[in-house]
Amino acid sequence: SFFINDLLNIDSRNQDGSATEDIDENMEEFLRIPGKLEFLMIFSLGVCMDSFLYAWAMLPLKFLWGWVCLGCTLYSPSNGIGGVKFHRRHLYPLMQSALIWLVYSQVLCPISIGKLYHWIRGQAMLKLYVLIAIVEVFDRLLCSFGQDAWDSLYWNTTRRPWHPRMLVSMIVVTVYATIHSLFLFVHVATLSVAVNSADNALLTLLISGNFAEIKSTVFKKYNKQNLFKITTSDICERFKLALFLMLILFLNRFQGDMTASMVKDYYTMCGVVFAAELVSDWIKHSFITKFNMIKSTTYFDYALVLSGDVTGIGHEGLNLDCTHAAVKRLGLAQIPLVCVTARYLHEAVRFAIENWRESEQGYGPNQSRWDYGHPISAMIELTASGNEFRFYSIMLQCLGALIIFKITLGILLRFVARWYLGAAGDRLKSRDRERNKNRSTASKSTPR
């Protein structure tokens, strides 16, 4: 009997009772997490892109409109011109634009990207590991601090613009934007060294940092609110990674001769970095939800929160602009990212102009590389040849196309957000119907 039942388990009537329906359901929840997480990531990355494009497309328009309102107020201080008058709220986009220009031109432009790149490349691996850790820690701390600093500046701008606290808020925001932009600037340079190095040692170090994060997170106790903070941090980190890799590609493309094999190797590196990011996020979230008994539907609830921020539901009268609530919820470093992007695009355009001039003069290794039929090449030719009117007209067309793309993306995000909210309403109605059905069934089965 012992040999038959316990060792060979031939008698099917005496099965091991450890496998239950709850264990199978927990396994299904564990396998659902990556898919639910990626659905949330796609929607959230769209929100990040929309917020980032707002600073490029809509903020310049608000800057110009603020100056128009100021001119109308100076011309007619009592009523303005046609009801157009400068208000305190118009001062905030003016200050945002001025701060972007200040950080970009006075802080980032004097720093040589080439010197910073070679300085990082010449450091020992241990120093680079410490540098990467410092940059990541301060990036997260500054992300949580930055939006509160901007909200404080807006409140002082609209409530007490002549109070000494206004000057303090301006200084705090300026110092914050400067420090955060410098940290992100170093982050891009470090990532550039990693993807361009031949031995891939630094790239391995960056990838290992993603998996080291798993050890520091999965064995702690979390609730839904804490998991939401981790999720928003992962969303911003993935968006910054995609943006930084794009900036590095732009700079490499215009800085030197990138052959087809070099471009393929770069895309391979980007794929490895993104694959490591995806796998580490999947493992981290799957085990956090498993250890803390959190359902996979929680990520749908997170999408509902972001949908409310996108549509403005629950933020009536509180939004400074159409992206304010989403940026604050996600903790996206909107202004510092714009400053760093502008600096790297400026460096790429500078190299493109130099290469064009070398090819025009008929010397140098870049002579046969330049593609005169490319749209960017045509714009560089207009800039270098002095045809500024044509160049600025093309820039205005590009700005118009960017505004149209931003508006289209915003409309699409609002459509998706309303779909999420509608799906949540249908789910609540189905739950109510099921609850009422169970109550009626229980009342009928109860003997009188």
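Annotations for the structure displayed:
- Qualifying residue in the stretch 31-38 (condition: within 30 Å of residue 254 (Cα to Cα), part of a helix (DSSP H, G or I) and within 21 Å of the chain's Cα centre (by Cα)): no
- Condition met for residue 283 (open to solvent by 50 Å² or more (accessible area, probe 1.4 Å), closer than 17 Å to residue 41 by Cβ, aliphatic (A, V, I, L, M) and in contact with a helix residue (DSSP H, G or I) (Cβ under 8 Å, 6 or more places away or on another chain)): yes
- Residue 148 being at pLDDT below 90, among the charged types (D, E, K, R) and closer than 14 Å to residue 121 by Cα: no
Listed here are the residues, each with its yes/no results for (1) touching a Ser or Thr at 6+ places or on another chain (Cβ under 8 Å); (2) modelled with pLDDT under 85; (3) part of a helix (DSSP H, G or I).
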{"site": "158", "(1), (2), (3)": "no, yes, yes"}
{"site": "161", "(1), (2), (3)": "no, yes, no"}
{"site": "171", "(1), (2), (3)": "no, no, yes"}
{"site": "177", "(1), (2), (3)": "no, no, yes"}
{"site": "181", "(1), (2), (3)": "no, no, yes"}
{"site": "184", "(1), (2), (3)": "no, no, yes"}
{"site": "189", "(1), (2), (3)": "no, no, yes"}
{"site": "198", "(1), (2), (3)": "no, yes, no"}
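- Subset of the stretch 329-350 (residues that are at pLDDT below 85 and either in contact with a Lys or Arg (Cβ under 9 Å, 6 or more places away or on another chain) or buried (at least 18 other Cβ atoms within 10 Å of the Cβ) (or both)): 348
- Residue within the stretch 23-45 that is modelled with pLDDT under 70, over 20 Å from residue 419 (Cβ atoms) and open to solvent by less than 80 Å² (accessible area, probe 1.4 Å) present: no
- Among the candidates 172, 168, 193, 130, the residue that is farther than 25 Å from residue 289 by Cβ, over 19 Å from the mean Cα position of the chain (by Cα) and crowded, with 20+ Cβ neighbours inside 10 Å is uniquely 193.
- Residue check, residue 251 modelled with pLDDT under 80, over 23 Å from residue 44 (Cα atoms) and buried (at least 18 other Cβ atoms within 10 Å of the Cβ): no
- Any chance residue 97 is open to solvent by less than 80 Å² (accessible area, probe 1.4 Å) and without any contact (Cβ under 8 Å) to a residue 12 or more places away in the chain: no
- Checked against (1) loosely packed, with under 13 Cβ neighbours inside 10 Å; (2) at pLDDT below 90, residue 110 meets all criteria but (2).
- Any hit, the stretch 77-89, residues being open to solvent by less than 50 Å² (accessible area, probe 1.4 Å), modelled with pLDDT under 90 and within 28 Å of residue 346 (Cα to Cα): no
- Search result, residues across the stretch 61-76 that are under 24 Å from residue 325 (Cα atoms) and buried (at least 16 other Cβ atoms within 10 Å of the Cβ): 62, 63, 66
- Answer residue from the stretch 260-273, given it is open to solvent by less than 60 Å² (accessible area, probe 1.4 Å) and free of Cβ contacts under 8 Å to residues at least 60 places away in the same chain and is farthest from residue 242 (Cα to Cα) among those: 263
- Matching residues in the stretch 136-165 - criterion: being crowded, with 17+ Cβ neighbours inside 10 Å and more than 15 Å from residue 331 (Cα to Cα): 153, 154, 156, 157
- Residue 231 being over 20 Å from residue 340 (Cβ atoms), touching a residue at least 24 places away in the same chain (Cβ under 8 Å), among the β-branched types (Val, Ile, Thr) and open to solvent by less than 30 Å² (accessible area, probe 1.4 Å): yes
Rundown of residues vs (1) in contact with a Pro (Cβ under 8 Å, 6 or more places away or on another chain); (2) part of a loop (DSSP other than H, G, I, E, B); (3) at pLDDT 80 or above, yes/no style:
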site: 317; (1), (2), (3): no, yes, no
site: 353; (1), (2), (3): no, no, no
site: 359; (1), (2), (3): no, no, no
site: 390; (1), (2), (3): no, no, no
site: 399; (1), (2), (3): yes, no, yes
site: 403; (1), (2), (3): no, no, yes
site: 413; (1), (2), (3): no, no, yes
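- Each residue in the stretch 121-146 was checked for being among the acidic types (Asp, Glu) and within 13 Å of residue 190 (Cα to Cα), and 1 of them qualify.
The values are calculated or read from the model by the stated rules, or taken from the named source; none is laboratory data. Note that the structure is a prediction, hence the values are computed from the model and not measured. Glycine also receives a Cβ, built like all others from the backbone with ideal geometry; neighbour counts cover every protein chain displayed. Each accessible area value is taken on the protein alone, full model and side chains, heavy atoms only, with ligands, DNA and RNA left out. Shrake-Rupley method; radii C 1.70, N 1.55, O 1.52, S 1.80 Å.
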